């Protein structure tokens, strides 16, 4: 079976927590993982596609994101008139940007990481790109401690090394120790 975004079939997705989502094929094929699954298994059209690395909470948000964007793209489909007003295009892009920001602002830091993992597993490139930019915006101009906490990174400096780093200026232009 050739999977295209114009068909109106329904595809069932089965999450890690055993919840089923029935979505339009136009939305499901936005996920590279789902598209590849159907291209590799053309006879399994009626079976639910297992998504062992995605929970229902985050799959619902991924589907919400793609459903809105697929519908938004359909509205933006080229009109018969060849002349496009630049201002009108910018307004539509602002609408998409506002939707994305509203969706990402509902996520806490852990939720953002889970969404990234879901988008990565689903091979949802557009969403993954938007999420990584949202994370970059969240950690921009934050302290090293905040970034470590955000990503769950342990401080690999000893307290002595940390103190020496804070007072680096005191050790500038010193002669080497004689041993």
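Read-outs: derived from the displayed coordinates by stated rules, not from any lab. Bear in mind that the values here come from a model prediction, so they are computed numbers and not experimental data. Neighbour counts run over all protein chains shown; Cβ positions are idealised from the backbone, glycine included.
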Using 7 Å Cα-to-Cβ label points, what is the residue 156/residue 129 separation (nm, one decimal)?
3.2 nm
Along Cα→Cβ, 7 Å out, is where each label goes; now give me the distance between the ones at residue 138 and residue 177 in nm to one decimal.
4.2 nm
Give me the one-decimal nm value for the distance between modelled label points at residue 106 and residue 43, 7 Å along each residue's Cα-to-Cβ direction.
4.0 nm
Mind running the shape call on segment 122-179? Use the C-alpha gyration tensor, a ≥ b ≥ c as the square roots of the eigenvalues: rounded below 1.5 for a/c, prolate if a/b tops b/c, oblate otherwise.
prolate
